[in-house]
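One structure is given here, and the rest of the page talks about it.
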Amino acid sequence: GLLMKDFFKQYSPYYKNYKLFFFYSFVGIILVSAATSGTAYAIQPLLDDIFINKNKEMLYMMPFIVIALYTAKGFGRYMQVYYISFIGQDITRIVRDKLFSHVLSLDMDFFQKKHGGELVSRITNDINRIQQAISNYVAEFLSGILTIVGLIALVIYHSPELAFYGLIVLP
């Protein structure tokens with residue numbers, strides 16, 4: 001928890017410029033979560049309608065419903081990954097530019113003590129790790145939470161009594 005808090009505190013000034021991109025990414029995350037929950041919600045009634053009630057119209061509709069849900073999920077995943085990656089890449093560019101201008105301002109003693117390879121490694125590899133953290137932490141965290149909330153809401157909607165035992169009594 002503490003490490004994550006420090007991480008966000010250090011990089012929060014960079015995040016402020018990307019509110020719109022975060023919004024788009026969040027829309028993508030919501031699409032993924034809604035489509036995942038929607039798939040779980042739609043399968044049971046669809047199958048009941050087709051096999052038990054012998055509803056032929058529903059049989060013809062089912063492929064379109066499934067394709068629509070998976071298209072929404074794929075589009076949402078694309079939006080989420082694209083915008084979060086863009087934010088991560090752009091923040092990385094800013095951090096790299098700052099570091100590079102700092103390195104250019106150092107005196108000759110520093111360069112005589114440090115190996116060139118170590119400097120290149122720091123400028124490329126360490127900042128790439130930062131970028132992965134910036135991109136992946138946020139998206140995975142939000143996506144996981146929203147999917148869990150959607151699926152829990154679905155369970156409660158289907159059977160409040162079973163949800164009570166499954167979510168409160170058993171744990």
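The values are calculated or read from the model by the stated rules, or taken from the named source; none is laboratory data. Small disclaimer: the values here were computed from a predicted structure and weren't measured. With ideal geometry, Cβ positions are generated from the backbone for all residues, glycine too; neighbour counts draw on all protein chains shown. Accessible surface areas use protein heavy atoms only, side chains included; no ligands, DNA or RNA. Shrake-Rupley method; radii C 1.70, N 1.55, O 1.52, S 1.80 Å.
When the stretch 110-164 is examined, which residues are found to be among the aliphatic types (A, V, I, L, M) and more than 30 Å from Gln44 (Cβ to Cβ)? Show your work before the answer.
Narrowing the stretch 110-164 to residues among the aliphatic types (A, V, I, L, M): 119-120, 123, 127, 130, 133-134, 138-139, 142, 145-146, 148-149, 151-156, 162-163.
Once the filter is applied, which keeps residues that are among the aliphatic types (A, V, I, L, M) and more than 30 Å from Gln44 (Cβ to Cβ), the stretch 110-164 yields Leu119, Val120, Ile123, Ile127, Ile130, Ala133, Ile134, Val138.
I need every pair where a residue in the stretch 114-135 that is basic (Lys, Arg) has its Cβ under 9 Å from the Cβ of a residue that is in a helix (DSSP H, G or I) and exposed (fewer than 13 other Cβ atoms within 10 Å of the Cβ), sequence separation at least 6 or different chains.
none
Could you identify the single residue in Gln80, Gln112, Gln132 that is out of contact with any His (no Cβ under 9 Å at 6 or more places or on another chain), closer than 20 Å to Pro13 by Cβ and among the polar types (S, T, N, Q)? Walk me through how you get there before you give the answer.
On the way: Gln80 fails: closer than 20 Å to Pro13 by Cβ; Gln112 fails: closer than 20 Å to Pro13 by Cβ.
Step by step, each of Gln80, Gln112, Gln132 is checked, and only Gln132 is out of contact with any His (no Cβ under 9 Å at 6 or more places or on another chain), closer than 20 Å to Pro13 by Cβ and among the polar types (S, T, N, Q).
Filter the stretch 44-92 down to residues that are among the hydroxyl-bearing types (Ser, Thr, Tyr) and either open to solvent by 80 Å² or more (accessible area, probe 1.4 Å) or at pLDDT 85 or above (or both) and give me whichever is nearest to Gly28 (Cα to Cα).
Of the stretch 44-92, the ones among the hydroxyl-bearing types (Ser, Thr, Tyr) are 60, 70-71, 78, 82-83, 85, 92.
Checking the rest, the ones that are also either open to solvent by 80 Å² or more (accessible area, probe 1.4 Å) or at pLDDT 85 or above (or both) come to 60, 70-71, 78, 82-83.
Working: Tyr60: 29, Tyr70: 13, Thr71: 12, Tyr78: 7, Tyr82: 9, Tyr83: 9 Å.
The extreme case among them is Tyr78.
Which condition from (1) in a helix (DSSP H, G or I); (2) more than 30 Å from Ile130 (Cα to Cα); (3) at pLDDT below 80 is the one that Phe110 breaks?
(2)
Is it the case that some residue within the stretch 142-162 is hydrophobic (A, V, I, L, M, F, W, C) and at pLDDT below 75? If you could, list the steps in order and put the result at the bottom.
Taking the stretch 142-162 as the starting set, the residues that turn out to be hydrophobic (A, V, I, L, M, F, W, C) are 142, 145-146, 148-149, 151-156, 162.
Among the residues that remain, those that are also at pLDDT below 75 are: 142.
Yes, the stretch 142-162 has at least one match.
If we scan the stretch 156-166, do we find a residue that is open to solvent by 70 Å² or more (accessible area, probe 1.4 Å), over 30 Å from Pro13 (Cβ atoms) and of a type in the set (Ser, Thr, Tyr)? If you could, list the steps in order and put the result at the bottom.
Going through the stretch 156-166, the residues open to solvent by 70 Å² or more (accessible area, probe 1.4 Å) turn out to be 156-158, 160-162, 164-165.
Subset that is over 30 Å from Pro13 (Cβ atoms): 156-158, 160-162, 164-165.
Then keep just the ones that are of a type in the set (Ser, Thr, Tyr); that gives 157, 165.
Yes: the stretch 156-166 contains one or more residues that are open to solvent by 70 Å² or more (accessible area, probe 1.4 Å), over 30 Å from Pro13 (Cβ atoms) and of a type in the set (Ser, Thr, Tyr).
Tell me, yes or no, whether the stretch 30-40 has at least one residue that is over 30 Å from Ile127 (Cβ atoms), outside any helix (DSSP H, G or I) and out of contact with any Lys or Arg (no Cβ under 6 Å at 6 or more places or on another chain).
Taking the stretch 30-40 and keeping what is over 30 Å from Ile127 (Cβ atoms), we get 30-31, 33-40.
Now restrict to residues that are outside any helix (DSSP H, G or I): none.
Looking through the stretch 30-40, none of the residues is over 30 Å from Ile127 (Cβ atoms), outside any helix (DSSP H, G or I) and out of contact with any Lys or Arg (no Cβ under 6 Å at 6 or more places or on another chain).
Scanning the stretch 93-113 for residues that are of a type in the set (S, T, N, Q) and open to solvent by 80 Å² or more (accessible area, probe 1.4 Å), which turns out nearest to Glu140 (Cα to Cα)?
Just the residues of the stretch 93-113 that are of a type in the set (S, T, N, Q), to begin with: 101, 105, 112.
With the extra rule that they be open to solvent by 80 Å² or more (accessible area, probe 1.4 Å), the set shrinks to 105, 112.
Numbers: Ser105: 38, Gln112: 42 Å.
The selected residue is Ser105.
Consider Phe23 carefully, then state whether it is in contact with a helix residue (DSSP H, G or I) (Cβ under 9 Å, 6 or more places away or on another chain), free of Cβ contacts under 8 Å to residues at least 40 places away in the same chain, assigned to a helix (DSSP H, G or I) and open to solvent by 100 Å² or more (accessible area, probe 1.4 Å).
Details: in contact with a helix residue (DSSP H, G or I) (Cβ under 9 Å, 6 or more places away or on another chain): yes; free of Cβ contacts under 8 Å to residues at least 40 places away in the same chain: yes; assigned to a helix (DSSP H, G or I): yes; open to solvent by 100 Å² or more (accessible area, probe 1.4 Å): yes.
Here the answer is yes, as Phe23 does meet what is asked.
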